[in-house]
Amino acid sequence: DWIEPVSSTYRGYDVWQLPPNGQGIAALQILNLLEHFDIESMEPNSAQQLHLFLEAKKLAFEDRAVYYADMDFADVPLKELISKSYAAERVKLIDPDRAAQKVAPGRLKSSSDTIYLTAADQHGNMISLIQSIYHGWGSKWVPDGLGFALQNRGELFSLNPKDLNKLEPGKRPFHTIIPAFVTKNKIPLLSFGVMGGDFQPQGHAQVLMNMIDFGMSPQQAGEQPRVAHFESSTPKGTRSTGPGLVGLEEHINPEVRQALIDKGHRVRQSTGA
C-alpha cells in the first residue's frame, strides 16, 4: 500500500514521519513536548537538555505502548497524538528538576469510556444514570438487527473457585459503575456520579467530604483536585502486595505531596480522569 506521511512542526520546521504501524510519530510527540522548553539556550548534552529529552521520550513511549497499531485494524487517534494542544497538556507532567519514576499514557479525548448522566425536574424527581460496556467494543458481539454491542464485564469474574466473585453460570460479575443519590430526611438533595473504574467510589467519597464536611457547593466540590489510590486487591482475585500507589492531581499543594511521602505513601502526579 501507498502510505501517506504525517507531519508536525518544530520551531517553524515541518517534520514528516510515517504513521503507525511504525513508531515515527513518537519523534513528533517528543519534539512537540520539547518545543515548550528553551532548548537553544542550553549547552548541547548538558544535564538539563538531556533530562528534558528523556522525560519527553518517556511520555511519548507510554503512548506508543497503548495507541500505536496498524491503522487498518485499529482506530488510532493519530491527529490528537501529534497535536500541539495534546502536547501542551502532557508537558505539564515534566518536572524540569526531577525524573518521573512512573509515567502513564495520555487520556485522549477521542477514546471511549464510561458515561454518566443526571437530570432533575421541578418536582424533585431525579435520574442518576451510568453506562459502560467495559472495553472499547465490549464483547464485540452485536445482536442481529440491533445497533449496539454487548458488554464484556464477565472479564471481571475471578477464576479462583474459592472467591465469592468466582465465575459461575447465570451469575452477574462484579462491576465498577455506580450511579448515586443523596437524601436527607427522605428529601432528595443530590444525584451524582463519576467515570473512572476503581476511582468511582473514591470520587464519590471525596465529593461528599467536600460538600458535607467543608461546606462546598456542588460546583466547588467538583472543581477540587482529586486523589486516587491504585494497586489494591481486586474482586478478580489479584491481591495487594504493598501500600499501593497514590495519584495526586497537579493542583494538590507540593507540601501536601511531600507530607504524604513522609507518612510512607508512594505518590505520583496524575493526569486526571
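Values for this structure:
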{"item": "Residue pairs meeting the criteria (Cβ under 7 Å; at least 6 apart or on separate chains; first outside the structural domain of residue 59 (by TED's automatic domain parsing) and modelled with pLDDT of 90 or more, in the range 108-127; second surrounded by 13 or more Cβ atoms within 10 Å (Cβ to Cβ) and among the small types (Gly, Ala, Ser))", "result": "116/193; 118/128; 118/191; 118/193; 120/191; 126/120; 126/191; 127/191"}
{"item": "Condition met for residue 232 (out of contact with any Cys (no Cβ under 6 Å at 6 or more places or on another chain), in contact (Cβ under 8 Å) with a residue 24 or more places away in the chain and polar (S, T, N, Q))", "result": "yes"}
{"item": "Qualifying positions in the range 74-129 - part of a loop (DSSP other than H, G, I, E, B) and small (Gly, Ala, Ser)", "result": "74, 83, 99, 100, 104, 106, 110, 111, 112, 124"}
{"item": "Given (1) at pLDDT below 90; (2) of a type in the set (Lys, Arg); (3) under 17 Å from residue 236 (Cβ atoms), number of the condition residue 140 does not satisfy", "result": "(3)"}
{"item": "The range 213-246, subset among the hydrophobic types (A, V, I, L, M, F, W, C) and surrounded by 13 or more Cβ atoms within 10 Å (Cβ to Cβ), residue farthest from the chain's Cα centre (by Cα)", "result": "216"}
{"item": "Answer residue from the range 11-54, given it is part of a loop (DSSP other than H, G, I, E, B) and aliphatic (A, V, I, L, M) and is farthest from residue 82 (Cα to Cα) among those", "result": "42"}
{"item": "Given (1) modelled with pLDDT under 90; (2) surrounded by 13 or more Cβ atoms within 10 Å (Cβ to Cβ); (3) among the β-branched types (Val, Ile, Thr), number of the condition residue 252 does not satisfy", "result": "(1)"}
{"item": "Positions within the range 5-21 being under 12 Å from residue 71 (Cα atoms) and either free of Cβ contacts under 8 Å to residues at least 24 places away in the same chain or not assigned by TED's automatic domain parsing to the domain that holds residue 40 (or both), in sequence order", "result": "18"}
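The values are calculated or read from the model by the stated rules, or taken from the named source; none is laboratory data. All of these numbers come straight from a predicted model, not from anything done at the bench. A quick note on method: Cβ atoms are made from the backbone with ideal geometry, for glycine too, and the neighbour counts reach across all protein chains shown.
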